[in-house]
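No lab work stands behind these numbers, since they all come straight from the coordinates. Given the structure is predicted, the values throughout are model-derived calculations rather than measurements. Every residue, glycine among them, receives a Cβ derived from its backbone with ideal geometry; neighbour counts consider all protein chains shown.
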Amino acid sequence: SQQGEEDPQALSIQEGENATMNCSYKTSINNLQWYRQNSGRGLVHLILIRSNEREKHSGRLRVTLDTSKKSSSLLITASRAADTASYFCATDYQFYFGTGTSLTVIP
Amino acid sequence: EAEVAQSPRYKITEKSQAVAFWCDPISGHATLYWYRQILGQGPELLVQFQDESVVDDSQLPKDRFSAERLKGVDSTLKIQPAELGDSAMYLCASSLRQNEKLFFGSGTQLSVL
């Protein structure tokens, strides 16, 4: 079973625009994490938000967490072509990943 | 910066052959994961180790797949016999402790002909 499900499945935006992707999960969590994957490579950890946090920032990344709705969102501001990748969320419970959001940033 | 090492980077094998993948996690990381990722899909957890013990192998097809981490350090994932549907990227990840962030290797791309 999948613990994290991302939405939308695909997103295409112009460089400089903001990109928002969402994640829903099913169980109680201690933390939720977002990862990025460039084509043909391993995943890279982006940011971790703990269950007692509602919002967290890291550079151009902003993550929110709503434990009552079992959902999280990842906002990438002022996107760049280099942000083109797939983005995944995962809960700390069993680290199951969803199908991800494929982001394309058009220069 | 320390990295998770995986080898080989690419593997081509024929159906019914045996194949093995190796992973060396970041030094000191107690938790190790193996994932399988089919093109266009998310990583699917195959097995999780805590030190040398298996924590979760509920998704591991045990009739043909096996995994070990004998000394609680590096790990080997084996497939015997390989099937066409096993063609995928096999990813290894480690973390310092359970429930902490994962560090991934670059993966082994397996093609079964």
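What to note about this one:
- Rg over Rh for segment B:1-89 works out to 0.95, using Cα positions for both radii and the Kirkwood form for Rh.
- Nearest-0.05 FRET efficiency for A:Ala10 and A:Ser58, computed from C-beta distance (R0 35 Å): 0.90
- Amide H contacts of A:Asn30 (H built 1.01 Å from N, under 5 Å, at least 5 apart or other chain): A:Asp92, A:Tyr93
- Most to least packed among B:68-81, A:8-21, B:99-112 [average Cβ atoms within 10 Å]: B:99-112, B:68-81, A:8-21
- Placing pseudo-labels 7 Å out from each Cα toward the beta carbon at B:Ser58 and B:Leu84 gives an inter-label distance of 3.1 nm.
- Shielding of peptide B:95-107 by partners, expressed as the average count of other chain Cβ atoms within 10 Å per residue Cβ, is 5.
- In terms of its C-alpha gyration tensor, segment B:46-89 comes out prolate, because a/c is 1.5 or above and the ratio a/b outweighs b/c.
- For segment A:9-19, 3J(HN,Hα) per residue [Karplus equation, 6.51 cos²θ - 1.76 cosθ + 1.60, θ = phi - 60°, Hz, x = Gly/Pro]: 6, 9, 9, 10, 9, 8, 4, x, 7, 8, 10
- Along segment B:93-101 the Karplus relation, 6.51 cos²θ - 1.76 cosθ + 1.60 evaluated at θ = phi - 60°, assigns HN-Hα couplings of 9, 9, 9, 4, 9, 4, 6, 9, 5 Hz to successive residues, with x for each Gly and Pro.
- Amide N proximity, segment B:75-110 versus B:Glu3 label position 7 Å along Cα-to-Cβ, cut-off under 16 Å: B:91-94, B:103-109
- Rounded to the nearest Hz, the phi-derived 3J(HN,Hα) couplings of segment A:70-80 under the Karplus curve 6.51 cos²θ - 1.76 cosθ + 1.60 (θ = phi - 60°) are 6, 9, 9, 9, 10, 10, 10, 8, 6, 4, 10, where x marks glycine and proline.
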